[in-house]
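This report concerns only the one structure given below.
The values are calculated or read from the model by the stated rules, or taken from the named source; none is laboratory data. This one's a predicted model, so the numbers in the text were calculated from it and none came from an experiment. With ideal geometry, Cβ positions are generated from the backbone for all residues, glycine too; neighbour counts draw on all protein chains shown. Keep in mind that these areas ignore ligands, DNA and RNA; they rest on the heavy atoms of the full protein, side chains included. Shrake-Rupley method; radii C 1.70, N 1.55, O 1.52, S 1.80 Å.
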Amino acid sequence: MQSIELAERNFGDGQSSQPAELRALNTTISGMNNDALLLALKGSGQAYAFGDLRNFLTQLKFLSAAAHQGRYQFTDQMAEDLRRARTVADTACGSATSAGAASNAATQGDAATAARGTYKSLELGSREKPVLTLAQREFLQQSFQFGTLARLFTGIAGAAALALLAHYGLLVARVLRRNRRICEVPAELHCMMEAVPGRITVLGRYGCVFTPDAPDLFDPLAGISAGTYCTVRPTDAELGAKLMRDLSDDCSLLFTTPLDLPQMRDLLAASEIPARYDFSVIKGTSRATRRFGIGRMPQA
């Protein structure tokens, strides 16, 4: 009340500032007990007005310190804030002004409701600011923690899903690029002066898998090993190739010159079954599922 009265005497309409009173105003605001001020406002149901009232008092403090230097000016907005602060202070301190305001509002509710209605009608501040209870604060804190954990787990799951998608997407892209097809193309394998009839069961741009018509047809080639150069003759074509592993029930061959797409179409046209993509290369040579990596595949 003292700080508001000093402000009214020095900054009110038609009033002139007095240096001694400006110093008193600065000292009064500097020594104000914020806890006591908040307690007084709570007692009149005006706790929500504390922030705006304290902010206005701080402005008065700076103004009182610099008014004689002409650096700051008491504006029309500050004059309006001073009138609102007077109303709040009168209500809190039980002055004659607040008693009149409370009696006029008594027909609409109790004194706290009247004080709140007076404050809201004067619009000191943008909106009511209720004080949270301990239970409310704990609830909000727990909600924030659960929300943070939920966002964290969602982020981890999303990152894992993206990693899996990228991994298997890369594998599928490489399968399509290599264009390996399961098929049944009649052919002959010529190696070490021996001709073995059979068929190409897997055909790709870089190589193929040759399977003899009978397992014992590989018997004359029992001495050859990986790295031996041979020739595969499907239909009218002749393809130079190198053995990628020792002979077993079939053999894997790496072409000397990769096939282009027209050559592959011509060879697959002779297949005795409908050709389809070979996704078995996604697995290792032992037919076990490949370990997670960057999509590396066997050479042939």
Tell me yes or no: at least one residue of segment 252-270 is over 20 Å from residue 195 (Cβ atoms), of a type in the set (Val, Ile, Thr), out of contact with any strand residue (DSSP E or B) (no Cβ under 6 Å at 6 or more places or on another chain) and part of a loop (DSSP other than H, G, I, E, B). yes
Just need a number here: residues in segment 201-241 that are more than 13 Å from residue 254 (Cα to Cα) and open to solvent by less than 50 Å² (accessible area, probe 1.4 Å). 9
In segment 6-48, what count of residues is obtained for those that are open to solvent by 70 Å² or more (accessible area, probe 1.4 Å), of a type in the set (Val, Ile, Thr) and under 24 Å from residue 80 (Cβ atoms)? 0
Going through segment 45-82 one residue at a time, which ones are at pLDDT below 85 and of a type in the set (Ser, Thr, Tyr)? 48, 64, 72, 75
Among the residues of segment 242-283, count how many are surrounded by 11 or more Cβ atoms within 10 Å (Cβ to Cβ), at pLDDT 90 or above and among the acidic types (Asp, Glu). 1
